[in-house]
Ligand SMILES: [Fe+2]
Ligand SMILES: [Fe+2]
């Protein structure tokens, strides 16, 4: 029996945060199944969801191991209540139309690419191994989002208007991507976690470049909703969690 | 076009390729069959797709996402195969959306419990394989080749469905009940997937002569029943057919009468989910119109810009 250290608990929380981001975004993307604009997009969106689900499973499993309380991926995904789920609010927002979904995809993927690149060099070997796989997946996620944002922005008048509206709506939730708290500071100091300050520069450059190519403008806002990392959520989240968890919770302790 | 020579050619295992001469009737029959098959794949995403967000474990969720994604891929290959015969995907979709072409009646039944997801994999993908394996030897090359790839994936889906059903059947009383009720719901509709008895199936003889069809509906149905009844017994589930018995002489299972009036009702559009399935498909297509238009406008703009630059 190994003893759980303070560092283990910090890593567990960090993995929970990243795992919840992946799980909640996968859940949102799955809502597009058999509802997308064309068959190729059904394949592509489910592909993104499958990658994110794989990341979520690895991260939640690692979180459970480090936490040392015997919780596996399913216990963590299905049996935590809303205040204990610590994803960014950005990923839980309702999909809206395809333009808004792609706007969110761009903001998330432009952050995920430098995040996983940095985590490939994490001093935590297990996290670095997860990053090694994720970094290849999110490169495609960024390409996918970029190509749609550019086509929608520089497509028709209607698509331009819709995708710009999508960016305007999701943009304020992007600030939360780069917040730092004491836990993150401790993990950055140990070389475990990625430093948001460095990520933000890369993110900003990517997003601005894509928006310019798409003939879209960077939204201006002073509003910075926050709180996801401490379990504060939007009203839409309760419905998402209910749908995710109800069947598992209705049959406690069984196998599936 | 010498129709007799063509028929002789497809009877001896020669494959017809897109550029080859072929009788109009052969082309029309194939386009309709491939299109209806493609429509079935994409409508078939709905009943199971509805369960992705509710799947009871992350492993099952991932398996289901991959499966529904495969079905979208099957739709894509099949529309492409139809396009090799001169059809156009948008026109075929329009025929689906306006009810002028059909899809498999099986997808007009509701999937109301998690066990239905397992039952669909086990029974519906299982029946699809029995129907489709002979199509890998179909006389039209592109269709036959698409079916090789599709059948591999369908058999994977069938095994996953059976495995999910086995877990439920060996689970809690509530899970066992869920499993039995799903078998009760899907058994008869699955048998109907093979179509009416051959005496009532007007197009069968011509399709046989053209090498599009290799076995009769009844032969294929029998094959499915013989394979599936022992699986149900293995799971400890009861096939909902009081007349089901094993013919000791031939070794075949004999089922009771199939209620073909139910099949006709669903075919006519009055199954439990016909309206819902089609409405959802049409809504997705309509809601996505502005996205497809944007992609086309962007491509046209940039093709023009490239032409000017060159
Ligand atoms: Fe399929
Ligand atoms: Fe399938």
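Quick note: the coordinates plus some simple rules give every number you see, no bench work behind them. As the structure is a computational prediction, the values presented were derived from the model and not from experiment. Glycine also receives a Cβ, built like all others from the backbone with ideal geometry; neighbour counts cover every protein chain displayed.
Quick look at the numbers
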{"quantity": "Protection-proxy order for peptides B:93-103, A:158-168, each taking the mean of Cβ atoms within 10 Å per residue, highest first", "calculated": "A:158-168, B:93-103"}
{"quantity": "Estimated 222 nm signal from helices in chain B, with DSSP H stretches of n ≥ 4 weighted -39500 (n - 2.57), rounded to 500", "calculated": "-20500 deg cm²/dmol"}
{"quantity": "Cα shape, the protein assembly as shown, gyration tensor, a/c 1.5 rule", "calculated": "oblate"}
{"quantity": "Most fluctuating residue given options B:105, B:29, B:250, as computed from a GNM of chain B linking Cα atoms under 10 Å", "calculated": "B:250"}
{"quantity": "Packing-based exposure ordering (other Cβ within 10 Å, fewest first) of B:63, B:42, B:258, B:120", "calculated": "B:258, B:63, B:42, B:120"}
{"quantity": "Protection proxy ranking, peptides A:174-180, B:241-247, average beta carbon neighbours within 10 Å, highest first", "calculated": "A:174-180, B:241-247"}
{"quantity": "For A:48-60, mean number of other protein chain Cβ atoms within 10 Å", "calculated": "3"}
{"quantity": "Ranked packing of A:119-132, B:141-154, most packed first, by mean Cβ within 10 Å", "calculated": "B:141-154, A:119-132"}
{"quantity": "Likely footprinting exposure, A:100, A:190, fewest C-beta neighbours within 10 Å first", "calculated": "A:190, A:100"}
{"quantity": "Cα gyration tensor category, rounded, prolate or oblate, for segment A:120-189 with a/c compared to 1.5", "calculated": "oblate"}
{"quantity": "Average beta carbon contacts from partner chains per residue of A:150-163, 10 Å cutoff", "calculated": "5"}
{"quantity": "Sorted by Cβ density within 10 Å, fewest first, the residues B:14, A:97, A:42", "calculated": "B:14, A:97, A:42"}
{"quantity": "Length-normalised contact order for chain A - Cα pairs under 8 Å, 6+ apart - percent", "calculated": "24"}
{"quantity": "Cα shape, chain B, gyration tensor, a/c 1.5 rule", "calculated": "oblate"}
{"quantity": "FRET efficiency for residue A:75 and residue B:20, using Cβ-Cβ distance with R0 set to 45 Å, rounded to 0.05", "calculated": "0.15"}
{"quantity": "Length-normalised contact order of chain B in % [C-alpha pairs under 8 Å, at least 6 apart]", "calculated": "19"}
{"quantity": "Estimated inter-spin distance, residue B:250 and residue B:112, nm [label 7 Å along Cα→Cβ]", "calculated": "3.5"}
{"quantity": "Where only alpha carbons of chain A are counted, the Rg and the Dmax (Å)", "calculated": "18.0, 63"}
{"quantity": "Chain A: calculated mean residue ellipticity at 222 nm from DSSP helix runs of at least 4, using -39500 (n - 2.57)", "calculated": "-22500 deg cm²/dmol"}
{"quantity": "Shielding by partners - mean other protein chain Cβ count within 10 Å, residues of A:23-32", "calculated": "3"}
